[in-house]
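Only one structure is covered here, and it is reproduced in the block below.
What follows is calculated from the coordinates using simple rules that are stated; it is not laboratory data. Computed from a predicted model, the values in this text were never measured in an experiment. Cβ sites come from the backbone with ideal geometry, for glycine too, and all protein chains shown count toward neighbours.
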Amino acid sequence: MPSSRHPTSWSASTDLVRENEIRRGEIAVDAPAPTDAGLVFIGTILTPWASRLMAPRQGRADGPVCRIEIFPLWQEALAGIEQFERLEVLYWLHLSRRDLVRQSPANDGSARGTFALRSPVRPNPIGTSIVTLVGVEGSTLLVRGLDCLDGTPLLDLKPDRALFTPIAPPQPGDFEVG
Ligand SMILES: C[S@@+](CC[C@H](N)C(=O)[O-])C[C@H]1O[C@@H](n2cnc3c(N)ncnc32)[C@H](O)[C@@H]1O
């Protein structure tokens with residue numbers, strides 16, 4: 001059954017919301033019920049944006065400082081993070097619909113495949129941003145470069161791969177080319 005939370009066909013109605021509507025050219029599928037893959041949220045992201053219509057499309061390095069609050073259980077996992085100027089942040093775009101396979105970001109009737117976009121609307125609504133680490137206050141990170149809503153659940157944090165050298169010994173695959 002198509003989700004009752006979202007429209008599944010385009011309508012010219014003028015009272016469409018601009019968050020979960022179907023646009024001309026877009027295609028939704030009867031997506032499986034979300035099971036959230038057994039992920040655990042490890043914290044909450046606090047940002048200035050309460051609305052999807054106000055948040056930046058992509059975070060910017062000179063954007064406002066946001067707070068990433070790690071749940072106490074995971075605080076120890078922050079050890080050493082302060083040595084990295086940039087981090088990769090993975091978050092769960094929890095308000096997104098998840099059933100579109102073609103989307104029309106410009107809302108002009110032309111539509112592109114979901115996997116050719118960085119839209120928040122995807123079967124598994126994972127968002128990623130490279131952020132600048134501004135400070136660490138206990139279990140809270142202060143960062144610039146986010147684009148998510150206030151209260152967005154946090155999935156993971158990693159050092160930016162460009163700054164990270166593997167610590168574990170090399171393995172044969174490290175030398176494979178071609
Ligand atoms: C285009 S996505 C990009 C996300 C991430 N930087 C990426 O490329 O994977 C950013 C947009 O997602 C929407 N958004 C932000 N937080 C959200 C949330 N928690 N649930 C659903 N949509 C969200 C906002 O409209 C925001 O402008």
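Determine the relative contact order of the chain: mean sequence separation of Cα pairs under 8 Å and six or more apart, normalised by residue count, in whole percent.
It rounds to 31 percent for the chain.
With unit charges on the beta carbon (Lys/Arg positive, Asp/Glu negative), name the residue among Ile68, Thr114, Leu142 whose Cα is farthest towards the positive pole of the charge dipole of the chain.
Of the options given, the answer is Thr114.
Show me, bin by bin at 5 Å from 0, the whole-percent P(r) of segment 38-163 based on Cα pairs.
Taking every Cα pair in segment 38-163, the percentages come to 2, 11, 20, 23, 19, 13, 8, 4, 1, 0.
Could you tell me the center-to-center distance, by alpha carbons, between segment 132-176 and segment 35-107 in angstrom?
12
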